[in-house]
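Every number here is computed from the coordinates shown, using simple stated rules; none is lab data. This is a predicted model, so every value here is computed, not measured. Here Cβ is always computed from backbone atoms with ideal geometry, including for glycine, and neighbour counts include all displayed protein chains.
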Amino acid sequence: MTNYWLMKSEPHVYSFDDLVKDGSTHWDGVRNYQARNFMRDKMRIGDIVLYYHSNTKPPHIAGISKICKESYPDITQFDQKSKYYDPKATKEAPRWFLIDMEPVTKFDAMVTLDQLKENPALEEMLVIKRGQRLSVQPVDKTHFDEVCKMANIYL
């Protein structure tokens with residue numbers, strides 16, 4: 001069974017265009033336990049991701065990617081020079097995990113946060129709920145399908 005997700009990245013840090021150019025990437029630096037648990041315990045190869053550009057004007061979904069490698073320890077937690085270093089993490093007991101993803105399709109036109117909020121079919125979608133700031137969040141299949149419809153993408 002395929003799961004659906006929304007994952008946020010700031011486009012100046014790593015954009016959907018960067019993912020397309022690279023062909024795949026690992027999703028490191030997640031330091032929220034709930035987001036980590038989604039990646040570690042729930043994400044599977046083939047799961048589909050709405051790639052969301054945050055901290056930009058306007059915030060928007062830029063495209064679709066998919067999980068191509070299931071969770072493994074995030075190496076940045078062990079690197080003392082990394083801003084994601086965690087002194088409590090050990091190789092025997094890692095605290096942080098990541099996944100790998102690859103691009104599926106770029107949207108011809110972004111689907112903005114305002115457009116998501118204006119669509120009554122998406123009123124329960126987590127990304128539009130007040131106070132919902134998780135960088136990794138599940139998406140209902142019906143919401144995923146509606147976003148694809150808004151972007152004129154039919155998978």
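Some observations on this one:
- Qualifying residue in the stretch 100-123 (condition: touching a Leu at 6+ places or on another chain (Cβ under 9 Å) and assigned to a loop (DSSP other than H, G, I, E, B)): no
- Applying a threshold of 9 Å to beta carbon distances and a minimum spacing of six or more residues, or different chains, the list of pairs starting in the stretch 28-41 at a residue that is within 15 Å of Glu10 (Cβ to Cβ) and free of Cβ contacts under 8 Å to residues at least 40 places away in the same chain and ending at one that is in a loop (DSSP other than H, G, I, E, B) and polar (S, T, N, Q) is empty.
One line per residue, one yes/no per condition, for (1) touching a Phe, Trp or Tyr at 6+ places or on another chain (Cβ under 7 Å); (2) more than 22 Å from Thr112 (Cα to Cα); (3) not hydroxyl-bearing (Ser, Thr, Tyr):
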| position | (1), (2), (3) |
| --- | --- |
| His26 | no, yes, yes |
| Gln34 | no, yes, yes |
| Met39 | yes, yes, yes |
| Lys42 | no, yes, yes |
| Ile45 | no, yes, yes |
| Thr56 | no, no, no |
| Ile64 | yes, no, yes |
| Phe78 | no, yes, yes |
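- Looking across the stretch 77-124 at every residue that is of a type in the set (Gly, Ala, Ser) and farther than 30 Å from Pro58 by Cβ, the one that is surrounded by the most Cβ atoms within 10 Å (Cβ to Cβ) is identified as Ala89.
- Scope the stretch 19-41; condition charged (D, E, K, R), in contact with a strand residue (DSSP E or B) (Cβ under 9 Å, 6 or more places away or on another chain) and surrounded by 14 or more Cβ atoms within 10 Å (Cβ to Cβ); matching residues: Asp28, Arg36, Arg40
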